[in-house]
Amino acid sequence: MTISNEDDLDKLKEIGRIVANTLEAMAAALEPGMTTAELDMIGRKLLEQAGARSGPELVYDFPGATCISVNEQVAHGIPGPRRIEAGDLVNIDISAEKNGIYADTGASFAVPPVTNATKRLCRDGRRAMWVGLRQVGADRPIAGIGQAIGQFAEKNGYTLVRNLASHGIGHSLHEEPGEIPTWPDRSERRIMNEGLVFTVEPFLSMGANWATDGDDDWTLLSDPRAPTVQYEHTVVATRNGPLVVTLPG
């Protein structure tokens, strides 16, 4: 989506705030012993109370309101009977729709006690996202996002999952300009037009380069198996740089 009027921007900010608040509440509720289905139910109720509908459920008939991925799962984990344990690395990815507009956010959380390496991975995963976000702006190259994230990952001794990309969003959950690489891609030649809405969501890993299919139709696993985190914001490219709409408030 390209923002062309204040009404669409207001709607985008509203749904962005809703998914951000839902993510914050689910993170606060996360504790050892609970199942991923119980955590998902918290998210479902909050979205419903805000008048929003789960994006993956609405668009793809996904079997859950949110995607919750644990440890070896890097994306699209189905909420279910799996119990969260101390030491787990849990990713929560939330996208939702209200008034015909979608927003998408996500973050990874380490359930204490965890190693210093895992703490560092979470810290650096968020930093990698912001490194990419700082490249966003009207008339700037899309490739700058992946180049900056790639330089950060290499400098700090990480790999990037290179088949899970950022994407356009707004009137649909996934839309133009299609996939946006969060890794260096010399073939990327597009420019961000003013008002372009998309996600920035690098998958930073301690060794994985790819995401491969799991045992069901949805869950993706790290390949090779390695701790991996994802952090995601929905952003608008403006003349003044990035306008991040998925902040709690």
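The values are calculated or read from the model by the stated rules, or taken from the named source; none is laboratory data. Being a predicted model, the structure only gives us computed values, none of them experimental. Quick reminder, even Gly has a Cβ in these numbers, built from the backbone with ideal geometry, and neighbours come from all protein chains shown.
One table, with the values for the structure above:
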quantity	calculated
Any hit, the stretch 27-37, residues being in contact with a Ser or Thr (Cβ under 8 Å, 6 or more places away or on another chain), farther than 18 Å from GLY214 by Cα and of a type in the set (A, V, I, L, M, F, W, C)	no
Search result, residues across the stretch 87-113 that are free of Cβ contacts under 8 Å to residues at least 60 places away in the same chain and among the small types (Gly, Ala, Ser)	GLY87, ALA110
Residues being of a type in the set (A, V, I, L, M, F, W, C) and either within 15 Å of SER108 (Cα to Cα) or within 18 Å of the chain's Cα centre (by Cα) (or both) - total across the stretch 21-49	9
Residue ID - surrounded by the fewest Cβ atoms within 10 Å (Cβ to Cβ), chosen from residues in the stretch 224-243 that are touching a residue at least 12 places away in the same chain (Cβ under 8 Å) and aliphatic (A, V, I, L, M)	ALA226
Count of the stretch 157-204 residues which are farther than 30 Å from ARG120 by Cα, hydrophobic (A, V, I, L, M, F, W, C), free of Cβ contacts under 8 Å to residues at least 60 places away in the same chain and part of a strand (DSSP E or B)	1
Tabulated pairs, the stretch 121-133, first among the basic types (Lys, Arg), second at pLDDT 95 or above and in a helix (DSSP H, G or I), C-beta under 9 angstrom, 6+ apart or interchain	ARG127/PHE152
Hits in the stretch 45-59 (condition: surrounded by 17 or more Cβ atoms within 10 Å (Cβ to Cβ) and in a helix (DSSP H, G or I))	LEU46, LEU47, GLY55, PRO56, GLU57
Residue that is farthest from GLY137 (Cα to Cα), among those in the stretch 178-223 that are among the charged types (D, E, K, R) and surrounded by 13 or more Cβ atoms within 10 Å (Cβ to Cβ)	ASP223
Leading residue by the ranking (surrounded by the most Cβ atoms within 10 Å (Cβ to Cβ)) among those in the stretch 28-38 that are of a type in the set (A, V, I, L, M) and within 13 Å of GLU85 (Cβ to Cβ)	LEU30
Some residue of the stretch 95-104 being closer than 16 Å to ASP40 by Cα, aliphatic (A, V, I, L, M), buried (at least 24 other Cβ atoms within 10 Å of the Cβ) and modelled with pLDDT of 95 or more	yes
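Residues checked against (1) surrounded by fewer than 21 Cβ atoms within 10 Å (Cβ to Cβ); (2) more than 15 Å from the chain's Cα centre (by Cα):
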{"residue": "MET129", "(1), (2)": "no, no"}
{"residue": "GLY132", "(1), (2)": "no, no"}
{"residue": "VAL136", "(1), (2)": "no, yes"}
{"residue": "ILE142", "(1), (2)": "no, yes"}
{"residue": "GLY150", "(1), (2)": "no, yes"}
{"residue": "GLY157", "(1), (2)": "yes, yes"}
{"residue": "ARG162", "(1), (2)": "yes, no"}
